[in-house]
Structure formats: structure tokens, C-alpha cells
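What follows is a single structure, written as C-alpha cells, with notes after it.
The values are calculated or read from the model by the stated rules, or taken from the named source; none is laboratory data. Owing to the predicted nature of the structure, the values given are computational and were not obtained by experimental measurement. Neighbour counts run over all protein chains shown; Cβ positions are idealised from the backbone, glycine included.
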Amino acid sequence: MFLLISYVYYSKVPDDPFLTGYVIAVALLYSINHIIIFTQINDRLLMTIIVVDTLLSVSFGFLFPGSTLYLILLGVVAVTLTIHSSNKNVIKMSVGIFLAIWAVVMYYWQEKTGSLDLLDNIISVSFVVFGSVVGNLIRKLLEAQETMNEQYKQMNASHDALTEVHQQLQVYSKQVEELTTIRERNRIAREIHDTVGHKMTALLVQLELGRELLHLDIHKTEEAISVCNQLARDALQEIRLSVRTLHHDEGVQLTINQSIRNMLEEFYQKAQLETIFELNGDPAVIPVSLQPTIIRTIQESLTNAKRHGAASHFQLQMECSSEEITIITKDNGKGASNFIPGFGLINMKERIEEHGGSVAFESQEGEGFKMKVQFPLLQKKWVAGGSK
């Protein structure tokens, strides 16, 4: 635009070497200034170039009275200014300077030529206003593009960071799974040692006693053999429960809901204990590491209901939420007014408390046995002392 208008002025130059050389020099300065603008420059140099372009453009208004093309040049300068500056004070000062220059040039024309085309001036000034608006829009578009590029870089950085964190989480997940497996194996080994080992020790003691009583008292010998038989059966049952916990049918692990239902069905077939299972909520919220403890807790409750309570009916309620897992068991067994937890219930209580859970026992003679177990999932709580 600068070069085009400079050429128009050059074509209007009378046979005057000074004006001809001036127009050519101004065109060269315009070119140099705008080459510099497209490079990385600081604000001070930019404002210097804008001031120089403004003075050169205004000079055409004085050298060529009556021609409003200088206002077109000022419109281009306005585009350059508003693209590179959003400072309101600079914009206001520039508007004031432009109005003052426009008034001075029009006064000079009036004095020099005796005429003034106001409509032509207003049309050309409207181009200056249009140039300012266009420059402001271009600046906003450039700022938006820069913001988008920065956000894109940040998103890429966040994506890389998330990818790295995801990979770390996968590693940690495998480590947690391995540690959970090891802990569960250790727990089952401890249970076998505590339950089966205890019963086998008692079995050996009873066998020694039976040998001593064999020739002394036949009735006591029969009682000892009966106790041995029961101990052997109990030990076998504990082994089966432990093996079942470790066993996966054809490599497919059952859900905890299916495991509990299968266990209740098997226990009914073996012990004729009628059971009702009520489930509220989604059991999928139960952590994998907690599931074996829940299954063992229900197994122990079933065994106690039949063996110690001589119950014929057993109720199981399990409620699953994102905050906690609640298990309530109740049977119609004999019950006891002075209830004292035995070896199996003590072990069960320890397993529950290892997971931050709590258990409460309730029993009255002739009213059966009731147990309530709670496993908090979001907040762990351990109680020292009390009845739990």
C-alpha cells in the first residue's frame, strides 16, 4: 500500500527534482521500515518506526495539497499501531495527534488552495478508522492464536505427564497385586497353622489319651475316639476351606456374589442349614484384597451356627456402598447368655481388624446368635477396648 500510493504521488510530481527525489526516498524508507517490523524488534524501535511513517505520510499532505491519499497512508500506519499495541493511553494519544494533524492539514489546504473537499476527507478518515478496527481484530486473533499454541503445548505436556503417571500406576498396580497375593497366601498359611495345627495337636493328645484308656475304661476310650473323629473332621473341613480359597476353577475366578452363593449351597447340602442371602448395592465395590476375608467370615459364621448353636436357619445380609461394606448374620440356634468368643471367632475378629473393620457379637439364650461386621472403604477406624 505504501509503495502503491508513493507511486501515485510520484506520477503527480511536477518537473521538480526535489519532489521526485523526496518521493523515491520516502518509498525506500517505507520499505525498510516494514522489513524491520517483520523481524523481532522491541517496543521502542517499533514506536520509532510508526512515528517516522506518520511524519512521512503527513508530509505528503503538505507537499500535495488537496490530495487525501496521505490519510490512506495514515490508515495503514493505524493498522500497524493497533496490531502491535493494546495500550489504551497510547491509542488515545494517537487519536488526539491524528485529529490535530488532520485539522492542521485541512487548514493549510484552505489557506493554500482556497477550497476544501470535506466529503473526500471524511471518506479517507473513515479508512483510518477502519484500519484501526482491522488492526485491533488482527491483534486479538494473533493473541488468541498465541494463547491456543500455549494451551496446546501445555496439553501436550500434561498428556506426557499423564502418560508417565499412567505407566507408573500400572507398575504400582502390579506391585500391589503381587503384594496382595503374597499377603493372602501368608494369611491362609497362618490360618492353616492356627486352625488345622491346633486341631491336629488336640487330636494327637486325644489319641494318646485313648491309648492309655484303652485297657482301663472302655467308655472313656469311646469318648476319646469320638472327640478324635470330630477333630479330624474339623481339621479336614478347615483344609478344604483354605484350599477352596486358593482354588480357581479352570483359571476363572468367581465373583464374590457367586462364591458366597455357592458356599451357602454347599453348606446346605452338607449340614442341612437353610440359608437366606440378601444383597443390597453392588458387590463390585468390594476390593479384591477384602473378598477372601469376607468369605472366611461368612464361613466361620455358618460353622458356628451349625456346630455350636445347632441352628436350622441362617440369615445373611450384605450391604455394599462406596463408603462401607456391612455384613449381618443371624441364626436360630441355642444362643448363650454368657457368650465367650472361641478360637475361631477370635481369629475371625483379628482378620477383620487387619482390614480396619469392626465386629460386634450379640447372643441370648434361646434367641440364637447375631453378628454385625463393618468394613469402611473410605476411612479406616480401629477401636481399642469396649465390646467390639
Requested in this report: Kindly indicate whether any position in the stretch 341-351 is surrounded by fewer than 16 Cβ atoms within 10 Å (Cβ to Cβ), touching a Lys or Arg at 6+ places or on another chain (Cβ under 8 Å) and charged (D, E, K, R).
Outcome: no
Query raised in the report: Looking at PHE64, is it assigned by TED's automatic domain parsing to the domain that holds ARG44, at pLDDT below 85, buried (at least 19 other Cβ atoms within 10 Å of the Cβ) and more than 58 Å from the chain's Cα centre (by Cα)?
Result: no
**Report entry** Only one of VAL13, VAL76 that is of a type in the set (Val, Ile, Thr), at pLDDT below 80 and surrounded by 11 or more Cβ atoms within 10 Å (Cβ to Cβ)
**Finding:** VAL13
Requested in this report: Taking LEU302 as the residue in question, decide whether it is more than 22 Å from LEU264 (Cβ to Cβ) and surrounded by 16 or more Cβ atoms within 10 Å (Cβ to Cβ).
Outcome: no
**Report entry** Subset of the stretch 339-367 [in contact with a Leu (Cβ under 9 Å, 6 or more places away or on another chain), not small (Gly, Ala, Ser) and not in a strand (DSSP E or B)]
**Finding:** HIS355
Query raised in the report: If you check ASP234 against the conditions, is it modelled with pLDDT under 75, more than 30 Å from PRO376 (Cβ to Cβ), in contact with a Lys or Arg (Cβ under 7 Å, 6 or more places away or on another chain) and charged (D, E, K, R)?
Result: yes
